[in-house]
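The values are calculated or read from the model by the stated rules, or taken from the named source; none is laboratory data. From a predicted model like this one, the values you see are computed outputs, not experimental measurements. Virtual Cβ from ideal backbone geometry, glycine too; neighbours counted across all protein chains shown.
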Amino acid sequence: MDDTEVWSAVDRRRRAIVDLLTGLAPDEWDTPSLCDGWMVRDVAAHLTMPLLTMRQLALLAIRYPGRTNRLIRDGSIDLARRHDPGQLVHRLDLLVGRHRAFPGLTCRESLIDAVGHTFDMAIPLGREIAVPAGEVAEAADRLVSYRGRGNAKVFRSLPLAKFRLTATDHAWRTGDGAPVTGTMTDLFLLLTGRTVRIGQLHGAGADDLRRLAAV
């Protein structure tokens, strides 16, 4: 995908997220997400961060000093406390068509966020949201390109180096080692440190991967 196509994919994911959140009951906003320490409302608030001005970001950084992960984690919880569900949905809707990445990042990080956090909310809520495998693969390619450095540090690190991951629903593979197969969604979740669907993986290396991930 070129950048224009990536932004179009981001817009599709953002619209789907707005649709998901619009239909939630009040108590569902407090459902624990796949992100440690975050409820659904916190994930939604995190996704609105591109709307913050540089001054607002600076104030959050002062309030939550230290590593980037702390700013992201605690800053998102802070935003969730200051906006009710209706306001969060409205802010997310404002992002559709807004093609400007978070400072220092690219449209592909926006896609990783939009795809990944869709799953982080939808899976615990028991909602099925079909994300095209090609869009998930584009986000996965960006994750693989980090090679465990830089932006990869915001994710839990799983022992994937000794495995060859191959998608069953898209022409995508990465790694060199014992074969592990799964849907593009299953593999993307692994790359972002989520083990919620690790039981659905197959291949000669799947059991070893599950054992190592459980340590």
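Got at least one residue in segment 177-192 being in a loop (DSSP other than H, G, I, E, B), of a type outside the set (Gly, Ala, Ser) and in the same structural domain as residue 41 (by TED's automatic domain parsing)? No. Checking each residue in segment 77-92 for being closer than 13 Å to residue 14 by Cβ and surrounded by fewer than 17 Cβ atoms within 10 Å (Cβ to Cβ) picks out only 90.
Residue check: is residue 73 exposed (fewer than 15 other Cβ atoms within 10 Å of the Cβ), modelled with pLDDT under 95 and either under 24 Å from residue 140 (Cα atoms) or of a type in the set (A, V, I, L, M) (or both)? In short, no. Taking the criterion of being out of contact with any helix residue (DSSP H, G or I) (no Cβ under 7 Å at 6 or more places or on another chain), among the small types (Gly, Ala, Ser) and at pLDDT below 95, the residues of segment 192-215 that qualify are 193, 214.
Yes/no per residue for (1) surrounded by 21 or more Cβ atoms within 10 Å (Cβ to Cβ); (2) touching a His at 6+ places or on another chain (Cβ under 7 Å); (3) of a type in the set (Lys, Arg):
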residue	(1), (2), (3)
103	no, no, no
135	yes, no, no
141	no, no, no
147	no, no, yes
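Within segment 39-60, restricting attention to residues that are touching a Pro at 6+ places or on another chain (Cβ under 9 Å) and at pLDDT 95 or above, the residue that is surrounded by the fewest Cβ atoms within 10 Å (Cβ to Cβ) is 39. For residue 165, the conditions (1) surrounded by fewer than 20 Cβ atoms within 10 Å (Cβ to Cβ); (2) at pLDDT 95 or above all hold with the exception of (1). Condition first: among the polar types (S, T, N, Q) and either under 21 Å from residue 130 (Cβ atoms) or touching a strand residue (DSSP E or B) at 6+ places or on another chain (Cβ under 9 Å) (or both). Now tell me which residues in segment 162-215 satisfy that. Passing the criteria: 166, 168, 174, 181, 183, 185, 192, 200.
Select from segment 121-132 the residues that are surrounded by fewer than 20 Cβ atoms within 10 Å (Cβ to Cβ) and in contact with a Ser or Thr (Cβ under 8 Å, 6 or more places away or on another chain) and write down the one among them that is nearest to residue 24 (Cα to Cα). The residue in question is 125. Set side by side, the residues 6, 43 differ, and just one is in contact with a His (Cβ under 9 Å, 6 or more places away or on another chain) and touching a residue at least 24 places away in the same chain (Cβ under 8 Å), which is 43.
Do we find a residue being closer than 22 Å to residue 57 by Cβ and either assigned by TED's automatic domain parsing to the domain that holds residue 209 or modelled with pLDDT under 95 (or both) anywhere in segment 135-151? Looking for residues that are closer than 22 Å to residue 57 by Cβ and either assigned by TED's automatic domain parsing to the domain that holds residue 209 or modelled with pLDDT under 95 (or both), one finds at least one in segment 135-151, hence yes. Name the single residue, out of those in segment 16-38 being surrounded by fewer than 16 Cβ atoms within 10 Å (Cβ to Cβ) and charged (D, E, K, R), that is modelled with the lowest pLDDT. Restricting to residues being surrounded by fewer than 16 Cβ atoms within 10 Å (Cβ to Cβ) and charged (D, E, K, R), the top hit is 36.
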